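I have placed the structure first, in the form of structure tokens, so that the comments after it can refer back to it.
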């Protein structure tokens, strides 16, 4: 976009092709090697960075990161929820999703426990 020449950090909630096109216009941006000659300008501009990376959903989305960590800890015979918060990944099925049903049961158990503690 116009006026982005001095931009060093590009932040957005969602991945956007516009973000990546801005990165690809700078010598220090995240450009694949075959698309950019390896030349270093005498005074290189500050690199532009972005909080999303193409093709890395396993690390850059909450669902991907949670699944990756759960899979890793489980593969090491460790309880993933001893180091990460209890996580429910609810898909597009909404209220019918098995994860949502598990979340609801867990939440209701917490409510019962809180009610018993407060009485």
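The values are calculated or read from the model by the stated rules, or taken from the named source; none is laboratory data. Nothing here was measured: the structure is a model prediction, and the numbers come from that model. Glycine also receives a Cβ, built like all others from the backbone with ideal geometry; neighbour counts cover every protein chain displayed.
Within the range 89-116, residues that are not assigned by TED's automatic domain parsing to the domain that holds residue 64 and at pLDDT 90 or above reach partners that are assigned to a helix (DSSP H, G or I) and exposed (fewer than 10 other Cβ atoms within 10 Å of the Cβ) with beta carbons closer than 9 Å, at six or more positions or on different chains, in the pairs 100/94; 101/95; 104/95. The set of residues in the range 66-119 that are in contact with a helix residue (DSSP H, G or I) (Cβ under 7 Å, 6 or more places away or on another chain) and farther than 30 Å from residue 56 by Cβ is empty. Annotation note: Cβ proximity below 7 Å between a residue of the range 51-64 that is modelled with pLDDT of 75 or more and a residue that is part of a loop (DSSP other than H, G, I, E, B) and surrounded by 13 or more Cβ atoms within 10 Å (Cβ to Cβ) (sequence gap 6+ or interchain) occurs for 63/89.
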